[in-house]
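Report on one structure; see the data block that follows.
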Amino acid sequence: MYTALMMRPEDNVAMVLQPTPAKTAVRIVNQVSLNEVLIAQPIDSYHKFSVKVIESGEKIIKYGEVIGIATAAIAKGEHVHTHNVRSIRV
C-alpha cells in the first residue's frame, strides 16, 4: 500500500512519500483519520495531489497554510504542481 502525508485536516492536498503510479490507491495518514484516494497520474516522491475537487481560483492549502491558487480545476487524486497552481510565495 502506498502512503501519503496530510498535515492538517483543512489541507486540500497531500504528499506522496514515494513515486506513485497512476490508478494506485494511496492511504492518507493525518492527525484525524485514514482515508484513501485513487491517484490519477504518476506522481514523483514528495509531490502533492488533491484530496478533493479543487475549482479554478480556489486556494491550495498545505500544512494549514495557503501556498497557491489553482489555475485550473483539479480533480480528486490529480497531481498538484506548477502546471495547475500559481504560487503566492513572496
(request) Could you please find all residues in the stretch 53-65 being in contact with a strand residue (DSSP E or B) (Cβ under 8 Å, 6 or more places away or on another chain) and surrounded by fewer than 12 Cβ atoms within 10 Å (Cβ to Cβ)? (result) GLU55, SER56, GLY57
(message) If I ask for residues that are of a type in the set (Gly, Ala, Ser) and either part of a loop (DSSP other than H, G, I, E, B) or touching a His at 6+ places or on another chain (Cβ under 7 Å) (or both), which ones from the stretch 44-90 would you list?
(response) SER45, SER56, GLY57, GLY64, ALA72, ALA73, ALA75, GLY77
(message) For the stretch 57-85, give me each residue that is of a type outside the set (A, V, I, L, M, F, W, C) and within 24 Å of PRO21 (Cβ to Cβ).
(response) LYS62, LYS76, GLY77, GLU78, HIS79, HIS81, THR82, HIS83, ASN84
(request) Report, by residue number, each residue of the stretch 26-43 that is part of a strand (DSSP E or B), open to solvent by less than 40 Å² (accessible area, probe 1.4 Å) and in contact with a Phe, Trp or Tyr (Cβ under 8 Å, 6 or more places away or on another chain). (result) VAL26, VAL37, ILE43
(request) Give the number of residues within the stretch 6-25 that are touching a Pro at 6+ places or on another chain (Cβ under 9 Å) and open to solvent by 70 Å² or more (accessible area, probe 1.4 Å). (result) 1
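Report yes if some residue within the stretch 33-52 is out of contact with any helix residue (DSSP H, G or I) (no Cβ under 9 Å at 6 or more places or on another chain) and at positive phi; otherwise report no.
yes
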(request) State yes or no: is THR3 over 13 Å from LYS76 (Cα atoms) and either open to solvent by less than 10 Å² (accessible area, probe 1.4 Å) or touching a helix residue (DSSP H, G or I) at 6+ places or on another chain (Cβ under 6 Å) (or both)? (result) no
(message) Give all pairs with beta carbons closer than 6 Å in which a residue from the stretch 63-88 that is basic (Lys, Arg) meets a residue that is at pLDDT 95 or above and surrounded by 18 or more Cβ atoms within 10 Å (Cβ to Cβ); count only pairs at least 6 apart in sequence or on separate chains.
(response) LYS76/SER50; ARG86/GLY68
(message) Tally up the residues in the stretch 44-74 that are at pLDDT 95 or above, over 17 Å from VAL26 (Cβ atoms) and among the hydroxyl-bearing types (Ser, Thr, Tyr), please.
(response) 2
(request) Could you tell me whether any residue of the stretch 2-15 is more than 25 Å from THR71 (Cβ to Cβ), of a type outside the set (Phe, Trp, Tyr) and not in a loop (DSSP other than H, G, I, E, B)? (result) yes
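The values are calculated or read from the model by the stated rules, or taken from the named source; none is laboratory data. What you are looking at is a predicted structure, and each value in this text was computed from that prediction instead of being measured. Backbone-built Cβ (ideal geometry, glycine too); neighbour counts: all protein chains shown. To get the accessible areas, we keep the full protein, side chains included, count just its heavy atoms, and leave off ligands, DNA and RNA. Shrake-Rupley method; radii C 1.70, N 1.55, O 1.52, S 1.80 Å.
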